[in-house]
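Here the structure is laid out as structure tokens; the discussion comes afterwards.
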Amino acid sequence: MRLIFLGPPGAGKGTQAELLTANLNIPQISTGDIFRNAVKAGTAMGLKAKQYMDKGELVPDDVVVGIVEERLAEPDCANGYILDGFPRTVAQADALEANLAARGEKIDKVINFVVPKDVLLARLTGRWVCKNCGATYHEEFKPPAKKGTCDNCSGELYQRDDDKLEAVTKRLQVYEEQTAPLIAYYQEKGILLTIQGNKPVEEVYNEIINGLKS
Ligand code: AP5
């Protein structure tokens, strides 16, 4: 199954992708994670991406598209994948469609996460992420058993630079301007599944599973 997770920052895309990949046995491809790993490794691409990420802006389309095309050609994508945070512009969506069409493939469903803005702000400013395995926590909604330590791997938890209020505000604005038009784009293609993301994690998960079955 080839899926796209579409939604504003903090909508729960990463949280749900983590659960669904285990269930469907397909990889989660998060462009945000790819960039954060490149920043950590200090690669040229990472340094370039960081300039945009820290300000809450999108990394240029040509950089993102090339990275995703390379990733989709890897063997673990043969049976499907979850694209988490890609595409984010109409140009990226067009490039993805052309790339898949060249291989006789297509996206099965686009999950559109809907969450009110005040909830997004609370989620992002309270988010903690594991430095080691990338697991996501929230100081109020999903606290780790031991403060500052990952339940899965005992790694150290940190707050992302772009989860500061100024960058979050910019990211939400960029989402409305550049990414939200993809809702109509995929609606027209008849593959959009809209999910109410302002519910407990398990309920959102069940709504996705039921939506995919129907
Ligand atoms: P990226 O890492 O993709 O960030 P994002 O899309 O802004 O999404 P987030 O990771 O912030 O949120 P999420 O929806 O995954 O929420 P999560 O599950 O963590 O991108 C970062 C940057 O990289 C971009 O700004 C851009 O610069 C660049 N980039 C990436 N892709 C790009 C592209 N395609 N083109 C150009 N540039 C690109 O949940 C958030 C919090 O809420 C967590 O604490 C979680 O525990 C909590 N939570 C989740 N679900 C629930 C729930 N149901 N109830 C209560 N709490 C919940």
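The values are calculated or read from the model by the stated rules, or taken from the named source; none is laboratory data. Note that the coordinates shown come from a computational prediction; the quantities given were computed from them, not determined experimentally. When we count neighbours, we look across all protein chains shown, and the Cβ atoms used for this are built from the backbone with ideal geometry, even at glycine.
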> Quick one: would you say residue 64 is touching a helix residue (DSSP H, G or I) at 6+ places or on another chain (Cβ under 9 Å), surrounded by fewer than 16 Cβ atoms within 10 Å (Cβ to Cβ) and modelled with pLDDT of 95 or more?
Replying inline: no
> Before we move on, is residue 64 closer than 14 Å to residue 13 by Cβ and among the aliphatic types (A, V, I, L, M)?
Replying inline: no
> Out of 198, 132, which single residue is loosely packed, with under 15 Cβ neighbours inside 10 Å and not hydrophobic (A, V, I, L, M, F, W, C)?
Replying inline: 132
> If the Cβ limit is 9 Å and pairs must be 6+ apart or interchain, which residue in the stretch 52-72 that is farther than 21 Å from residue 169 by Cβ pairs with which residue that is of a type in the set (S, T, N, Q) and surrounded by fewer than 17 Cβ atoms within 10 Å (Cβ to Cβ)?
Replying inline: 65/99; 68/99; 69/99; 72/99
> Can you tell me which residues in the stretch 75-87 are modelled with pLDDT of 95 or more and surrounded by fewer than 20 Cβ atoms within 10 Å (Cβ to Cβ)?
Replying inline: 75, 76, 77, 80
> Pick from the stretch 46-85 the residues that are of a type in the set (Gly, Ala, Ser) and outside any loop (DSSP other than H, G, I, E, B): which of them is farthest from residue 111 (Cα to Cα)?
Replying inline: 46
> So which of 203, 156 is modelled with pLDDT of 95 or more, among the acidic types (Asp, Glu) and near the ligand (Cβ under 8 Å from one of its atoms)?
Replying inline: 203
> Is there any pair with a first residue in the stretch 114-136 that is in contact (Cβ under 8 Å) with a residue 60 or more places away in the chain and a second that is assigned to a strand (DSSP E or B) and surrounded by fewer than 13 Cβ atoms within 10 Å (Cβ to Cβ) whose Cβ atoms are under 9 Å apart and which are 6 or more apart or on different chains, and what are they?
Replying inline: 114/196; 115/196
>> Under 7 Å between Cβ atoms, which residue pairs at least 6 apart in sequence (or on different chains) link something in the stretch 93-104 that is without any contact (Cβ under 8 Å) to a residue 60 or more places away in the chain and more than 16 Å from residue 77 (Cα to Cα) with a partner that is among the aliphatic types (A, V, I, L, M) and assigned to a helix (DSSP H, G or I)?
In response: 95/65
